[in-house]
Amino acid sequence: MKKNLQLLFVVFCTISMGYSQSQSLWKTVKEIDLKSAEKTRRNTIPQQSNIFSLDLQAFKNALSGAPLRGNLQGKSNLIIELPNASGKIEHYRVVETPIMETALAAKFPMIKSYAAQGIEDPTAVARFSVTQFGLHSMVLSGDKSTVFIDPYTSDKKNYIVYDKASLGAVPNDFTCLTSSEAHLPTLEKDRKANADKALNTDDKKLRTYRLAQSCTAEYGNIFAGTGTDLEKKANIQAQMAVTMTRVNGVYENDLAITMVFVANNDAVIYYGSTSADPWSGEYNVQTGVTIDANIGFENYDIGHNFNTSGGGNAGCIGCVCSPDSNPQGTHKGTGMTGRSNPTGDAFDIDYVAHEMGHQFGGFHIQSSSGCRSGSGFTEVEPGSGSSIMGYAGICPANVQNNSDAYFGYVNIRDILANVKSGVSSFCAQITPLSNNAPTANAGADYVIPKSTPFVLAGTGSDPDGDALTYNWEQNDPENPNTTAAPTATRAAGPMFRSLSAKTTPVRYMPALATILAGNTSNTWEVCPSVSRNLNFSLTVRDNKAGGGQTASDLMKVTVSGNAGPFLMTAPNTNVTWTAGTIETVTWNVAGTDANGVNAKFVDIYLSTNGGTDFPILLASKVPNDGSELVTVPNIAGTQNRVIVRAFENIFFDASNANFTIVAPEATFAPAFTGVAGHQNKTICTGSDVSYTFDYKTYGFTGATAFTVTGAPEGSTVVVTPSPLNADGTVTLQINTTEATAPGFYTLVVTATSGTTVKTINYYLELFNADFGNTVLTTPANEAQSQGTTLNLGWEANENATFYDVEVAADEAFTNVIASGTTNTTSFSVSGLAELTTYYWRILPKNVSCFGVYTTPFEFKTGQQNCTTIVSPNAAQPISANGSPTVNSNLNVTTSGVISDVNLTMNMTHTYVGDLTATLISPAGTQVILFNSACDDANNVNATFDDAGIAVVCSNNPAIEGTVQATQLLAAFNGENAAGNWILRIKDNYTGDGGSLVGWSLNFCAVGPALGIAENAIRNFVISPNPNHGAFNIQFDSNAADKIDVAVFDIRGRQILSKSFQKTSLFNENVALKASAGIYLVTVTNGDKKETRKIVVE
C-alpha cells in the first residue's frame, strides 16, 4: 500500500509540476527592451501585439509528460499556459500529436507537435509545434480572432503574441493555378450527386494520411542554416512541421483529417545549388516524378512541394490516394505551393491549406467572374471569398486581404464525400474517436419582404457537452457574371459573405451595426430588392482538439418582390419618452401581411444599450397593422432602440437612432406584463380566457378604475381588482358561449382616474368549435383494387385549418400504420400491402379547437402486377448527317391501368448534348427523358425511373445508372399499357452520330384496363366529355343482368361505385365530387364490360 501511495504522489507532482512550471514560464517584456536584439524575419508586423519571454527548455520539460493522441481516454491532465492577444494567460489541456512517422521522428526528435483544448474558453483549440526554431502556435476560438505566437527574437527566448485582426494587408504574390477540370471523373459525379446533401464530419473517425512533402533548393536554403547535412535537413523539416502543424489544426477541427510526414521524407528535401534539384520551373509533374522515385509510389498518400515561385497548383483535385501512377494524369503527388517568404499565416492557411484542400476534393468558392473557377456547385461566397478555398486579397472585388482559417460548408461537404466514399477513402489510417458529433437545426424556411433585414437563428446540441460554434453561410452558387460586390437587384448568386464561426447560432443579415445605422446593406451583406431565393447552411462544430466533429443543416429564405421594404417609422430619431406614458410605435407594413409573406402579427422589443440586444418585450403578437400602443418602462437612459419583428418569421426593422427615456412623473400607468404570448390569445367559442396587466403608480396616490371595450357580443367581462390605488396586477377575465361569434377582437383596456385616461390593447382570436360533419370522398367507402400508394381526399371544412389523418389495418384503429397532420384536403399514404383492407379517418381542427374523428372509410388494395417488355427490333442507326429523328416502336399486348412505368435504354452517340429523347404512350402522352444533357459526353446506358437520382453527367457513358427523366414518367399513370409505344430520339445538330442499341419498358399495373372491350357494350356513350363532374351514360343493355358503374382516378383508386336495376336502355346521370383531372368510367353489364376515359375540368 505504501508503494502505491508513493506512485500516486509522483504522478500528482508530475502533473502539478507541469502546471506550476508553466505558471512562471511566461513573462511580459517591453518591446523597447529588445531594441538591439536580433529579430526573426516576418512578412508583416501586427499593428497590436504583446511580447513575452519564455523559458523554452522548461516549456519542453513540461510538455514531456503530454499523453499521446489515440492513447488518451478522457481529458488530458497536463495543463499548460499560453498568452492570448490581450496579454492574458489562458490554460489548456494538451496532448502530443505526432506529425512524423516513427522512423522520421527518431531521426528528428527535436520536432514535436501538440494540440490543446482551452479551459477558460472551451471553444479554443491550440495547435502548436516546438522545434529547434522555438514555439509556433495558432489558437482557433469561437468568439476571438485567430491568435498566433511566433518567435520574436532569433535566440528563441522572446515571442510575439498577436491576433489575425491586427495584421495589415499581407503582400500577395500568389496565384492558384489549379484547374477545376483536373480531377478524377468519379469526383464530378460524386460532386453533383452530393450538391444538395449535408455531408458532415460525423463518423467518429480521425483519418491520417501519409504526406510526402518535398521542397526545392530555393525553399530549403531559406531554412537550412549551418551544420551537417542531417542538421540542415532537420532545420528544413522543422519549418515544414511548423506549417503543417497549423494546417493540421484546421483540417482536424473541420474535417477530422490529419497528415504525418512519411518515414523517409528527408529524401525529398533539397538545399544548396538551385540548379541541382529536380525542378526547373515546372513543379507539378516533376514533384510527382521526384516523390515516386525517392519515396516510392506505395509509401505515401498525398504528395506536395514547397517552393518560392509565388503560385500554387494542386495538380489534381480529389486525387489523394489515387492509384494512377502517371504524374501527368490523376496522380496523388503533384501538388505544390510557393511563396518568396514561405512562412506565416498567409502561407500556411491561404496557400498550403488551400492547395491541399484541392487535393482532398475541395473546389474554389469565390464567385467573382474575374476569377470564378469552382465546380458550379461551390461558388457561394461573393467577390473573392474569405474562407480557405477562396481568393481573398488576390481577386477583385476582394472581401478582405487574407483568408480566415476554416473551410466553408460546401468544401466540408465535398471533401467529406471524397474521404468517406470517394477515391481518398481507400488509403487513410483510421483512428476511432470517442468524440460524438453535434447536431444542427437551421429551422424552418421563410418568406420575407424585399429590402428588409432578417435574422437567422438555429440550434445545435452536443451529446458530450462540448462547446459549440456556428457558421451561417449562403449556399447559392449561381454565377452573378460580374466582378463587382453584390447589389440589391442581383437575382442569383451570393449576397452575403461568409464569416468565421461564433458561439451564438444567431446571425443578423446584414450585420446588426449596419441595420442600426439605418441601412439594409453593406458592401458584402446585401438584402435583395427583387424576388429570389436565398439558400443558407448552418454548420455546427464541436471544436474538439485533435479531431473535431461537425453537423450541418440547410434552410431557404424566399424574398417576395411584392412586399416590402418593412420599415420602422417611429421612434426613428432622438426623441424623448417619459416612463409611464403611452407611446405609439409605427412601421410601414408594405404588404407584409399578404403577398406570400402573410405575417399577420409582430412583436416589439426595446434595447437599452444601443441595440446590442433587445431583451424587453413591449408588445407580443400584436396585429401587423403599422401601429401599436406601448407603455414606456421605467428604465431611464439615452441608448434606447426599438425593434419590430414579424411574429413567427425572421424579418424586422429597428430604430435608426438612439432615443431617450426619462424618469416618470407622478402618474399611473397600465402596462403589458412583458410575457410572450400573454397579450394575444386564442380560444374556442364557449371557452373562457384571462389576461393580466401591470399597474404602476409612480408616486400617484389616486384610485384608478378599469374598463374593457371591444369584447365579443354576448360575452361577459370581469376586471379585478378595480379600482386600484397601489402598484399591483390586474386580471381581465372574458367568458364566451357557444353562440359567441368567432372573430378577431381588439380589447381596449381603459384606466381612468379623474380626468386622466390611459389605454392599452389586448387581443382575442375566437375560433369556431363546431366542425359539423366532414365528408370523406376518395377513395370511396369500400373501394376495391386500390394502389399500394394513394391519396386520401375529403371535402374542406369551413372551420378547420388543419386535419389529423389516421390509416389503420383494423377498424378499431389499434394498429395505425400511417398518420400525420395536413393543412390541405388530401393526404398521401404509401407502402401499403397488396390485397389488404385498410381503414382511414380524419379529425378537423384549428388553432384552438379540435373536432372528432369522422366515421372511418374502408378500402382494399389490389394486386400490382409488374412486367418487362423488350423492344424486339430496337437497333437503329442515328445518322451524323443532318438532324435526324429516329422512332423505335414497342407493341405492348398486356393490358392494365399503369401505376408505374420505367424505361431502360442503351444507346451509342457522340456528344449526347445534341439529343432529345422522348417516350410516347399509345394514348399520345409524351414525356421527355432528357434534352441537351451532358454536353460533349458520349453514350447512354441508363434506366429512367421517377425514384432514381437526378442525372449526373459522366464522361462515358454520359448518362448511366437509375436516373430521373427530365419530366415525370408518372404522367403515364392511369393509362392503359396496351398499344404501340414510341421511343423518339431527335438529333438536333449535325456532325455526331451513333445508334439506338436497345430499350425496354417495365410496367406495374393495378385495377381495370382502359379501352379494352371485354364483350363490348353496344352504343356506349358518355356525354358531355370533357365535363365538370356531371355526365350522362347511355348504352343498350342486357335486360337480364344488373348494371354496375364504377369510376377510378388515373392512379387506379375507386372514387364511385353504384349499381342500377335491369333495363333494356340504360340512361343515367352521374355526379362526381372530384377535382379536375382524368378519370376512368367502367361499366359492367353481365358478361360485358367496358372502360372509357373522361376529363373533368
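Summary table
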{"read-out": "Cut-off under 5 Å, modelled amide H: who pairs with Glu381 long-range", "value": "Ser367"}
{"read-out": "Members of Lys30/Lys107; Lys144/Lys233; Lys88/Lys502 lying beyond 30 Å, as alpha-carbon distances in this model show", "value": "Lys30/Lys107; Lys144/Lys233"}
{"read-out": "25 °C / 0.890 mPa s Stokes-Einstein diffusion coefficient of the range 2-166, Kirkwood radius on C-alpha pairs, µm²/s", "value": "146"}
{"read-out": "The range 865-1005, Rg to Rh (Cα coordinates; Rh as Kirkwood inverse mean 1/r)", "value": "0.96"}
{"read-out": "Where labels lie 7 Å past Cα in the beta-carbon direction, separation of Met110 and Ala812 in nm", "value": "8.4"}
{"read-out": "The range 711-767: relative contact order in percent, alpha carbon pairs under 8 Å with at least 6 residues between", "value": "31"}
{"read-out": "Ranking of Glu525, Glu381, Glu834 by count of other Cβ atoms within 10 Å, fewest first", "value": "Glu834, Glu525, Glu381"}
{"read-out": "Shape parameters for the range 776-857, alpha-carbon atoms, Rg then Dmax in Å", "value": "12.4, 40"}
{"read-out": "Projected label distance in nm at Ala103 and Ala833, using a 7 Å step from Cα toward the beta-carbon", "value": "6.4"}
{"read-out": "Alpha-carbon gyration tensor eigenvalues x 5, square-rooted, for the range 602-710, Å", "value": "25, 23, 10"}
{"read-out": "Whole-Å semi-axes of the range 435-560's equivalent ellipsoid (Cα gyration tensor)", "value": "28, 14, 14"}
{"read-out": "Reference-scaled alpha-carbon Rg (2.2 N^0.38 Å with N residues) for the range 1018-1096", "value": "1.03"}
{"read-out": "Under Karplus coefficients 6.51, -1.76 and 1.60, residue-wise ³J(HN,Hα) of the range 828-837 in Hz, glycine/proline x", "value": "8, 10, 9, x, 6, 7, 6, 6, 10, 8"}
{"read-out": "Within straight-line cross-link reach of Lys845, lysines at Cα separation under 18 Å, skipping those fewer than 8 residues along the same chain", "value": "Lys681"}
{"read-out": "Calculated from backbone phi, Karplus (6.51, -1.76, 1.60) coupling profile of the range 569-576 in Hz, x at Gly/Pro", "value": "10, 7, x, 10, 9, 7, 8, 10"}
{"read-out": "Principal axis box of the range 710-857, alpha-carbon based, largest edge first, Å", "value": "79, 26, 21"}
{"read-out": "Convex hull of the chain built on C-alpha atoms - directionally averaged projected area, nm²", "value": "58.9"}
{"read-out": "Within the range 847-914, chymotrypsin sites (Phe, Trp or Tyr not before Pro) in DSSP loop having at most 15 other beta-carbon neighbours inside 10 Å", "value": "Tyr853"}
{"read-out": "Qualifying aspartates and glutamates (Cα of each under 20 Å from Cα of Lys112; at least 8 residues distant if same chain)", "value": "Asp55, Glu81, Glu96, Glu101, Asp150, Asp155, Glu231, Glu252, Asp266, Asp345, Asp348"}
{"read-out": "Lysines whose Cα lies under 22 Å from that of Lys204, excluding same-chain neighbours fewer than 8 positions away", "value": "Lys75, Lys420, Lys544"}
{"read-out": "Gly493 long-range amide H proximity, modeled H, under 5 Å", "value": "Glu478"}
{"read-out": "Radius of gyration, Dmax [the range 567-664; alpha carbons; angstrom]", "value": "12.9, 43"}
{"read-out": "Amide N proximity, the range 649-684 versus Asn574 label position 7 Å along Cα-to-Cβ, cut-off under 13 Å", "value": "657-661"}
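No value in this document is a laboratory result; all are computed from the given coordinates. In this text, all values refer to a predicted model and were calculated from it rather than measured experimentally. Glycine gets a Cβ as well: all are built from the backbone with ideal geometry, and neighbour counts include every protein chain shown.
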